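What follows is calculated from the coordinates using simple rules that are stated; it is not laboratory data. This structure is a prediction, so every number in the text was calculated from the model and none was measured. Here the Cβ positions follow ideal geometry from the backbone for every residue, glycine too, while neighbour counts run over all protein chains shown.
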Amino acid sequence: MKLIDRAEVGEIVIGRRVQYRRRGDQSIEKASKTFYAQYREDGQLKSKNLCVSTQTEAIELAQQMNQQRSEDPSSSLANPTKHGSQRMTVQDLAIRYIEFSVSKGLAVKSIAKYRTDLEKLTRFCDEEKIRYAAQIDEQVFYRFVSWLREESHKQSADGYAPKTISTASMICVQMVKWGWRQKFIPEYSLGMVRHPVAKPREQPCLSMVEIERAALGMDGIYRDAVLILAYSGLRVNELVQLRWIDVIFREDEAVKLHVRRGGSGDAPKDKEDRFVPIHPRIKPLIQTQLRSGPLVLPGLRDRMLLSKFKQAAKEAGISGRVTVHSLRHSFVSMCAASHVPQRLVLDWVGHSSSSITQLYYHRSERVSEHAMEELAEHTKRVWEGRSR
């Protein structure tokens, strides 16, 4: 295993691990964000992810590993901890878990969410006088969930929103499980807990007529972007990073979009590539774009798009909450009303399972049932007229 930023600490060598990835015909080196420890044990060369991103912290952990070995020659070097498995504090474990999440290449927004929710957990533990991560058991977990429901904050006096409670409790479980796997805590005691799941809310969704009306008040790439999002179901970042090599042509006509960017780590948010057929409404918009560079819509900015779309919607007399992401919901709603199979729509929008998608399909079913009721009333009048 090749290491860069190497440093020898007694019997241990620390450094960042180098991996090789192939891009086309080239092999690209990519260094890990966290430091690894490399050492020999029982005649074998072993390595351990230290889950820290600075050399100073890595050296400190390597010194502790050497100290542990000198005090107990039979102990393994593979499981260093800062305070020992029983002495890892909640705050230390939260810091380690954030560093680990950063090393995985999670999006900046996801890291910010993890940090915010784990701050809630550490604040709760401070109030409850819970110092060590090993103390977080089922009872503590359910008290944490109750605390979230009762905790007043700037938005409401009734505690955090159901979605916030669901996410914070889920991240708590994930952190404790990760800490157990890393042997920072001796056992995993949350295996049987059930964290609350927030019921999906109906999201803002504009009709295609409203979207077309708002688009009339826009121009340039921002008008094209609104229509492409509404008729493809792409996320904003997926469209911002869409390149010409991702547009599949057949006989000089654009037929599909290959969605493979838009999330973290140069990959889509759902981590899987997908193909989206191009709707005839947006086909000429794509084909008439000037190819001045690799991007289909060069210069497109997500914040500016939101600002221009909100202004256009307001001028078009569209009330209610308006977001650019609502265009994705509108696409799903259009597919549901057009009886496109839900499984196919999930593939187009990049979801393995989506409660929001189900929400719009259920709404479409209600529309269908209402239409059948109206049909029944009409046929009833016809039959009653014939029977006289």
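For the reader, a short list of remarks on this structure follows.
- The order of T116, T34, going from fewest to most other C-beta atoms within 10 Å of their C-beta, is T116, T34.
- Calculated over the range 196-252, the projected area of the Cα convex hull averaged across directions stands at 6.6 nm².
- Ordering of 215-222, 169-176, 230-237, 286-293 by burial proxy (mean other Cβ atoms within 10 Å per residue, highest first): 230-237, 169-176, 215-222, 286-293
- By the count of other C-beta atoms within 10 Å, a proxy for reagent exposure, M334, M372 are ordered fewest to most as M372, M334.
- 5 Å binning of all Cα-Cα separations within the range 252-336, expressed as whole percents from 0 upward: 3, 11, 13, 21, 26, 17, 8, 2, 0
- For the range 90-199, a Kirkwood hydrodynamic radius built from all Cα pairs, placed in the Stokes-Einstein relation at 37 °C and 0.692 mPa s, yields a translational diffusion coefficient of 231 µm²/s.
- Partner lysines for K104 [C-alpha distance under 22 Å; skip if fewer than 8 residues away on the same chain]: K2, K30, K33, K46, K48, K82, K113, K177, K183, K269, K271
- Since only V197, W147, F184 are under comparison, the one whose Cα sits farthest along the positive direction of the charge dipole of the range 90-199, derived from C-beta charges on Lys, Arg, Asp and Glu, is V197.
- Net charge over other residues, Cβ less than 12 angstrom from the Cβ of F35 (K, R count +1; D, E count -1): +1
- Compared with the direct C-alpha span, the chain from I248 to N49 gains 67.5 nm at full extension, assuming 0.36 nm per residue.
- Relative intensity of the range 208-366 on a log10 scale, I(q)/I(0) at q = 0.19 Å⁻¹, equals -1.31, per a Debye sum over C-alpha point scatterers of equal strength in the absence of solvent.
- Residue exposure sequence - L121, L306 - by fewest surrounding Cβ within 10 Å: L306, L121
- 19 Å cut-off, amide nitrogen to a point 7 angstrom out along T323 Cα→Cβ, residues in the range 89-133: 107-117
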